[in-house]
Amino acid sequence: MNALAMYPSRSRERFVDFDQMLGSWFSPQARRVQVDQPNSPKIDIVETDKGFELMADLPGVKEEEISVNVKEGVLIIEANPEDKPVEEGEQKSVIARERKTGKYYRALKLGAIIDESSIRAEYVNGVLTLTLPKSAKAEPQKIAINAQ
């Protein structure tokens with residue numbers, strides 16, 4: 001059964017076969033995912049007995065700058081951090097500027113086994129952790145055998 005599928009981000013066209021990368025949890029319709037985008041947070045997804053945990057890196061972002069929504073079966077993580085440019089002046093000048101700033105965006109298509117109404121979010125030390133519980137439909141059902 002499909003649980004989560006990577007949903008392409010909005011900008012670049014560089015793709016990786018996600019089914020090869022993480023196995024067959026994900027739907028065949030969404031096997032391609034964009035990687036290495038400056039505005040796409042890196043994520044880990046772990047399956048537990050009761051559901052899935054998704055951890056997304058959002059360094060330097062305040063909790064109030066993060067938005068997590070589910071719309072039409074798609075989980076959307078967005079963050080719009082306040083721009084913190086390095087200011088130059090008499091006493092300092094920029095030697096290197098590698099840290100990216102700007103809006104983060106990531107979308108994942110949820111499978112039918114996710115209970116969308118029970119998703120929980122926690123943000124600690126720059127890591128957003130989402131708990132995605134499996135729905136009751138996803139639990140194995142015991143079938144009684146009637147003796148004749």
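The values are calculated or read from the model by the stated rules, or taken from the named source; none is laboratory data. Note that this is a predicted model, so its numbers are computed, not measured. Note that each Cβ is placed from the backbone with ideal geometry, even for glycine, and that neighbours are counted across all protein chains shown.
Looking at this structure, is GLU72 at pLDDT 65 or above and at positive phi?
Spelling it out, GLU72 is indeed at pLDDT 65 or above and at positive phi.
Go through the residues of segment 111-118 one by one and say whether even a single one is touching a Pro at 6+ places or on another chain (Cβ under 6 Å) and at pLDDT 85 or above.
yes
Out of VAL70, VAL94, I need the residue that is under 14 Å from the mean Cα position of the chain (by Cα) and not acidic (Asp, Glu). Which one?
VAL70
Hey, can you tell me all the residues within segment 107-130 that are of a type in the set (A, V, I, L, M) and in a strand (DSSP E or B)?
Hits for segment 107-130 are ALA107, LEU108, LEU110, ILE114, ALA121, VAL124, VAL127, LEU128, LEU130.
Quick one: ASN125 ticks every box in (1) modelled with pLDDT of 90 or more; (2) surrounded by 12 or more Cβ atoms within 10 Å (Cβ to Cβ); (3) of a type outside the set (A, V, I, L, M, F, W, C) except a single one, so which number is it?
For ASN125, the failing item is (2).
Pull up segment 93-106, narrow it to residues that are among the hydroxyl-bearing types (Ser, Thr, Tyr) and not in a strand (DSSP E or B), then point me to the one that is farthest from LEU58 (Cα to Cα).
SER93
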